[in-house]
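The values are calculated or read from the model by the stated rules, or taken from the named source; none is laboratory data. Please read these numbers as outputs of a predicted model, since none were measured by experiment. Positions of Cβ are generated from backbone atoms using ideal geometry, with glycine treated the same way; all protein chains shown enter the neighbour counts.
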Amino acid sequence: MELTAQTLELKLTEPFRIARSVQYYAHNVLTQIEADGIVGIGEAAPSGFYGEKRESVLMALSYFADHLGDDPLLIEDVMAGLDRVMQGNAAAKAAIDMALYDLVGKRLGVPIYQLLGLNPARTPHTSFTIGMDTPVEMAKRALVAREYPILKIKLGGKHDLDIVKAIRDVTDAVIRVDANAAWTPKEAIRKIAALEPYDIEFIEQPLPPKDLAGLRLVRENVGLPIIVDESCVTLEDIPLILGCADGINIKLMKCGGISHALKMIHAARAHSLRVMLGCMIESSVAITAAAQLSPLVDYADLDGMLLVDDDPFDGVQVKGGKLMLPDRPGLGIRRRDGKRKLLPQEVEAAPAALPARATSREKRAHRNAQGEPEYEE
Ligand code: MG
């Protein structure tokens, strides 16, 4: 099998703020694997929070290229082999894993969901994410996003309750809250109690990832379900969070791809955990890969491609929030410009303009940034 890679720079429609960071661009990597004249495509969206960046992905991919073997049908063997030769690098592994699934689906002439025996009618609705801002700005964005029946609200600052009040005032949408590890246990118990009257579906990652005792305490003292994201990265984390959460947020970029995510879904079900599929800021390549698994899960937060201006690809569609899987073989990805070759030509990224009201922290991040602020959706 032959692997090639190139960078993919995605520009956010507007700066994406969460409790610990702000992001203007996603510095992703596309990869292509060819075997017997068939090409599969994959994408890595590295997160500094999990110790990856674009350069490490490119290095990992060039190393993994020599360890793929020659049979793309042996996806489990290939991925186990990559785990043996190098630990971590989950986003780089996810790119290879989804490219292999794409290739195998194309070779067999079936979409990946069919390969997995899944019913495309069972895809959930995805949430649409509203990044942190002032209560007024976030309520405005909730109005703009009125076509989406589920909103995911980023909290973890001084105005958490005011934000939820302002958004609830303008919408009847289902509201999910993601604090991105920003609260203390006491603060979480107090804030979640105050949020309960606003009809919130669940709270995602209220506490720092390692504070499992705190999570257990919060869960025992609040009336809303707790979903963990940063606390549950790989399969091995699932036994550790039992009793601390009601569900987990699985991301291909955290766990290493479709084959690992499948194992996590089934392990979570064995422990009666709810399952959510999430994403980073990704193009339609990686989002469509995750969406192929979505008939298996309770909640989807697969809106990464909706938050960027310049997604070069076309794959899963979102209609009134519902994920609509393409019925083409493999991932079902096409270039938006209609060209057949999957990898677009590499384009030098133009320096980004800063918004007029950028904070000093954002200016710092921007200066620093060819842009490697830590980010995480
Ligand atoms: Mg999250």
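Assorted remarks:
- Residue under evaluation residue 216, criteria (1) of a type in the set (D, E, K, R); (2) away from the ligand (no atom under 16 Å from the Cβ); (3) closer than 30 Å to residue 105 by Cβ, criterion not met: (3)
- Test: residue in region 297-308 that is buried (at least 18 other Cβ atoms within 10 Å of the Cβ), outside the structural domain of residue 249 (by TED's automatic domain parsing), touching a residue at least 24 places away in the same chain (Cβ under 8 Å) and farther than 20 Å from residue 123 by Cβ: no
- Test: residue in region 115-133 that is modelled with pLDDT of 95 or more, assigned to a helix (DSSP H, G or I) and crowded, with 20+ Cβ neighbours inside 10 Å: no
- Considering residues of region 220-232 that are closer than 20 Å to residue 264 by Cβ and of a type outside the set (Gly, Ala, Ser) only, the residue nearest to the ligand (Cβ to nearest atom): 229
- Some residue of region 32-41 being crowded, with 20+ Cβ neighbours inside 10 Å and either without any contact (Cβ under 8 Å) to a residue 12 or more places away in the chain or within 20 Å of residue 233 (Cα to Cα) (or both): no
- Taking region 214-231 as the range and being assigned to a loop (DSSP other than H, G, I, E, B), out of contact with any Leu (no Cβ under 8 Å at 6 or more places or on another chain) and farther than 14 Å from residue 202 by Cα as the test, only 230 passes.
- If you go through region 233-258 and keep only what is part of a strand (DSSP E or B) and either within 16 Å of the ligand (Cβ to nearest atom) or under 13 Å from the mean Cα position of the chain (by Cα) (or both), you end up with 245, 247, 248, 249, 250, 251.
- Test result for residue 175, away from the ligand (no atom under 16 Å from the Cβ) and either assigned to a loop (DSSP other than H, G, I, E, B) or buried (at least 21 other Cβ atoms within 10 Å of the Cβ) (or both): no
- Number of the condition not met by residue 264 [criteria: (1) closer than 15 Å to residue 126 by Cα; (2) of a type in the set (A, V, I, L, M, F, W, C); (3) within 16 Å of the ligand (Cβ to nearest atom)]: (1)
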